[in-house]
1. Determine the sum of side-chain charges near B:Pro125: Lys and Arg each +1, Asp and Glu each -1, restricted to other residues whose C-beta is under 11 angstrom from that of B:Pro125.
2. Find the chain A residue whose Cβ sits closest to the rotation axis that carries A onto B, and give that distance in whole Å.
3. Helix C:274-305 versus the longest principal axis of chain C: what angle, 0 to 90°, nearest 10, using Cα atoms?
4. Report the percentage of all Cα-Cα pairs in chain A whose separation exceeds 38 Å, rounded to a whole percent.
5. What 222 nm value per residue comes from the helices of chain B, counting each DSSP H run with n ≥ 4 as -39,500 (n - 2.57) and dividing by all residues, nearest 500 deg cm²/dmol?
6. Taking just the C-alpha trace of the protein assembly as shown, give me its Rg and Dmax in Å.
7. Which of C:Thr183, C:Thr250, C:Thr169 ends up with the largest GNM mean-square fluctuation for chain C, with Cα atoms connected below 10 Å?
8. Between copies, how far apart are the C:Glu99 label points? List them in nm, one decimal, shortest first, with each point 7 Å from Cα toward Cβ, please?
Amino acid sequence: MNQESNGGFSVARVTRAWYVACGSRELRGEPVARKILGIPLVLFRGPDGKPSALLDRCAHRNAPLSLGRSAGGRLECAYHGWQYNAAGVCVKVPGLVGEAEKTTREVPRFPAREQDGFVWVYAMPDENPAVEPYRLPKPDRGYTEVRRTVEVESTLHAALENALDMPHTAFLHKGLFRGAGRTHRIRARVTRSAAQVEAEYIGEPRPEGLAGRIVSPSGGVVTHSDRFILPSIAQVEYRLGSENHFLITTVCTPVEDFRTRLHASILFRTRFPGWLVRLILEPVALRIFRQDAGMLKRQSDAVRRFGGEHYTSTEVDVLGLQIWQLLKRAEADELTPSEEWKREIELDV
Amino acid sequence: MNQESNGGFSVARVTRAWYVACGSRELRGEPVARKILGIPLVLFRGPDGKPSALLDRCAHRNAPLSLGRSAGGRLECAYHGWQYNAAGVCVKVPGLVGEAEKTTREVPRFPAREQDGFVWVYAMPDENPAVEPYRLPKPDRGYTEVRRTVEVESTLHAALENALDMPHTAFLHKGLFRGAGRTHRIRARVTRSAAQVEAEYIGEPRPEGLAGRIVSPSGGVVTHSDRFILPSIAQVEYRLGSENHFLITTVCTPVEDFRTRLHASILFRTRFPGWLVRLILEPVALRIFRQDAGMLKRQSDAVRRFGGEHYTSTEVDVLGLQIWQLLKRAEADELTPSEEWKREIELDV
Amino acid sequence: MNQESNGGFSVARVTRAWYVACGSRELRGEPVARKILGIPLVLFRGPDGKPSALLDRCAHRNAPLSLGRSAGGRLECAYHGWQYNAAGVCVKVPGLVGEAEKTTREVPRFPAREQDGFVWVYAMPDENPAVEPYRLPKPDRGYTEVRRTVEVESTLHAALENALDMPHTAFLHKGLFRGAGRTHRIRARVTRSAAQVEAEYIGEPRPEGLAGRIVSPSGGVVTHSDRFILPSIAQVEYRLGSENHFLITTVCTPVEDFRTRLHASILFRTRFPGWLVRLILEPVALRIFRQDAGMLKRQSDAVRRFGGEHYTSTEVDVLGLQIWQLLKRAEADELTPSEEWKREIELDV
């Protein structure tokens, strides 16, 4: 690992990309403040109800526009009442005799879109995006979907690596997820294309620990894949036997260099009713998340205290380096469709 | 606006000037710690009861002298008992065989003066001030005076502009001060001389909202002036009819770059008894102040987060730029008596 | 005083030295996190029970190793379960097919030693120390020993100077230690050798104040010495008459530039039973410590706020400059055995 190993921080800022700013239902009548890649944004709905995202700073005296109010689909600053339309153009300066509209009174606008229950924002202002937001998987018949939003104090890369890293589960989540039982040698097939990388695990036994026993009491053949999709999606898929299917999609938002917001969609189908699985798994999932969030914070504290990362990796770190390379290419806007790349490794679980 | 618009902070540090350090009654037997322009000061009273201001740092081991005590008009350090007189000369080093007085043991002294109920300090050490502290207006017969000291988290300039800015009152103080009623076109006559700038509003209707209805239930002709006086005085004057007169003088102290202390003297005469007006207006004034302080803090947060101001102004920003230019000239010590300068603008209120 | 007077901070970082990391009894089954000279360390006991100190950062993903657990004398990281032996060599990477040991997976090891009830760490990693940890005085028959550990927010130098400074006791600890009684002129004989400096006070009256009255109600001849021993030991010795003997040894650990941990051993013999003296003196000592810690913190705040120290010294500052010079020489590793150096001064106490 290059950038990670020599003292810098593995922070990649992919700006030509869509990120979840908030849930659709969080943006109602009043403006909402959010941050993406360290940029303060104000979200509001225009006269047609469509979401709009502006830099959260009034052109006049730099008051946060998110302190203001929505005035008939225009955003009104709380300090002097300047009004902006959905495009960030100032359309009213109270008291001023004469025209309000003027280029110097405009506020940078970020493309915004509503899709799959989220308000998405493109992190590059005043630009026409060439891509579309990621489409979340939809629940088929017989599936239950649970959505959760949480925040961790870590870089986007550390959060993604953690979400798609199998080896840590046996230690950080000991007893909950994977246990300390017998070791099996399995294989992982890693496939990388231009915009994603996937690890497919072959020969994996049923996960041990409480979580495994609940979802598949009778054991069975396991199909398990971990997937990273640019710019910020982590996807974990489990099939146990023919009945059980879990698809956990985490859409990450890089709030600041060391703060990442995770929007998780958990789709599942088991032989038990959805409400029952949810009832049992939710506290387990919450505990797993808290352990991950705690460790990510301590890891962030450590790398900041030491002034940079000093990482070393092994074959068992199946996806970390691949994710990093994809992020750095996307940051540099070098997303030329590359040839598919494959490799197989062995590991003991 | 130049300095304000291109990413810097509108911080002017006028050091050859008198500022209010504290109220006369705050400085009694024991030393008091205050900060002006970021400089930590210790105030104490000499043997004659006159106030004295020294740098708040013992020459010996740099302990804050304000932790010490007054010993017969001398300031004694709490750590090793070194004693300083009103001129900052060390007159006693406990334990030392030999003379205490020595140039290296002196502490910088700032000129101090007691006037109009305040202790004033000149922000340049060991210098003989060529000017005198500002003289506050005195209450004539029939007038009531109220004094209040508050602190805001903003630059001196932002606090002054806020104090003398009419347009924001209709928005930030909606309902309290100016309302959302009919619009009147009025004129403002701006007059600038070497050390002050004033805006006189002509044709202004009686202020609407609660405050207006209280002070002048019957309406009447309004005379309204907003005045900035170097180095840090904001003055708002209202006459409504022949009976009602309000003169609000705010003497500001730049505590730090983003912290300003406001010492307000409110003089007024109405047809109602003073105590009654005070009873009714005090909660309103307090609420107005809290809204201003809240907005100034959010504005400061924003400009610091963005690494500088990115302002744009219109004709309606009547005094902001003038105040800034006077402050910058005073900072550079270029207070040559300039010719008087006048201009008239129109605005809708 | 040179380095101290021109705006820098009197911070000397003597790395080729042993410091107390923790008490023996603080290091049991589980790993312990400590900091020395700003370096985060993890302490744990190897299979033989001997203490070991590693840099508190897993070579893999930089998680603090102190979050982990001791696994049969090996330190196991809490994140992915990497295991390290007492030498900092990685001996297990869970999941990895193949050899775990590899130079890039090692963690810097700091020499560690257990002695006199403390775990000592040498502040230079992967080096063979040429010196041994300081040996604390042992209580002879009839002596009582009390141990206490406290922390102050100050540089090592400021803490040492404070611990060995007599003049401040009459002011900061007024009434508790020395009083405001009659002044006596005494002499101090200062002797400096390669690794220590000592001040012996001649003609000193019995300390006044509460502390003095307790330990020696009948007065008597006083022998008093203050001693600094490299790298970080302050020793105060009192004999009052033939019966009373106090030896206070404070072994300091520079935790960070402005944080110092003091490990005090108080040995004493009086004509009263040890438990009684302890009962009476403990609250007094605690109050003295709190006053010192409070002042050191305020002093640190002041020098940091002013961006450096601006000290001036007199003859009465008997040891401060000597301690500083010894520390700076040790930091530069110039500890050549110098000729003994003596001088006598007079002071009024």
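1. On the way: positive: B:Arg109; negative: B:Glu106, B:Asp126, B:Glu127.
It works out to a net charge of -2.
2. Nearest to the symmetry axis by Cβ: A:Arg304, 12.
3. Helix C:274-305 and the main axis of chain C meet at about 80 degrees.
4. Details: 14576 of 60726 pairs.
In whole percent, the long-distance tail amounts to 24.
5. Details: 6 runs with 67 residues, N = 349.
Rounded to the nearest 500, it is -6000 deg cm²/dmol.
6. 35.7, 97
7. C:Thr183
8. 7.7, 7.7
Just so you know, all these numbers are worked out from the coordinates, no wet-lab data involved. Source: prediction; values computed, not measured. Cβ atoms come from the backbone with ideal geometry, glycine included; neighbour counts cover every protein chain shown.
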